[in-house]
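The values are calculated or read from the model by the stated rules, or taken from the named source; none is laboratory data. Keep in mind it's a predicted model, so treat the numbers as computed, not measured. Neighbour counts are summed over all protein chains in view; Cβ atoms, including those assigned to glycine, are modelled from backbone coordinates with ideal geometry. Only protein heavy atoms, including side chains, enter the accessible area calculation; ligands, DNA and RNA are left aside. Shrake-Rupley method; radii C 1.70, N 1.55, O 1.52, S 1.80 Å.
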Amino acid sequence: MTEHDPGRKFFPKEFSDRERAVFEAGIALGALFHSLIGLPATTETKHILEKAFEKSFSLQPFRKSVKLKLYAVKRKHGPYGYGSIGPRDISASVTVCYGAATAVAEVRYVASLGYPLMYVSRVNERRSVSSPRPYARTRGAKARRSV
């Protein structure tokens with residue numbers, strides 16, 4: 001298992017753990033949301049999709065947790081009788097740990113905006129920890145616990 005982040009060299013040197021955690025959370029939400037839009041689904045399949053997407057997107061680097069809630073997907077009548085996931089059907093949160101920082105980002109449809117808003121809901125940073133090896137304390141630590 002890699003003990004450091006080999007991708008860190010592609011980011012500005014002054015980029016903090018906090019900034020990287022927020023960046024990774026935004027990438028995770030965007031990828032999750034846009035992977036779901038238009039996906040054929042029904043109310044009967046939504047629980048399977050929730051679990052599959054949570055597990056799949058949890059595999060990405062620095063992801064601590066992914067939670068997905070799909071609302072009732074209406075089935076259409078007739079020979080083409082299935083529904084598809086739209087922006088109003090998705091509510092998700094992603095928790096990312098990078099070094100000393102943890103960021104939680106969410107997406108949900110906000111009716112007053114008429115828009116599926118993605119936003120950062122929380123960022124925590126352990127100030128006493130400097131992390132040249134952010135990878136070791138996130139996915140690596142999780143993988144060792146689950147063995």
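Mean projected area of the convex hull spanned by the Cα atoms of region 38-127, taken over all viewing directions: 6.9 nm².
Evaluated with a Cβ-only charge set (Lys, Arg +1; Asp, Glu -1), region 1-60 carries a dipole of roughly 80 debye about its Cα centre, given to the nearest 20. Ignoring lysines fewer than eight residues from K55 along the same chain, the ones with Cα atoms less than 21 angstrom from its Cα are K46, K64, K67, K69, K142. Sequence-ordered 3J(HN,Hα) estimates for region 86-101 from the Karplus curve with 6.51, -1.76 and 1.60 and θ = phi - 60° stand at x, x, 6, 8, 10, 9, 8, 9, 10, 10, 10, 10, 9, x, 8, 10 Hz, glycine and proline given as x.
Restricting region 1-89 to trypsin sites (Lys or Arg not before Pro) that sit in a DSSP loop and have at most 15 other Cβ atoms within 10 Å of their own Cβ leaves K13, K74, R75, K76.
Ordered from highest to lowest accessible area with the whole protein assembly present and a 1.4 Å probe, L113, L39, L32 read as L113, L39, L32.
Sort E44, E106 by accessible area with a 1.4 Å probe, largest first.
On the way: E44 125, E106 55 Å².
Correct descending sequence by accessible area is E44, E106.
F15 contributes about 60 Å² of solvent-accessible surface, heavy atoms of the protein only, 1.4 Å probe. Note on region 67-130: with charges restricted to the Cβ of Lys and Arg (+1) and Asp and Glu (-1), its dipole about the Cα centre is near 200 debye.
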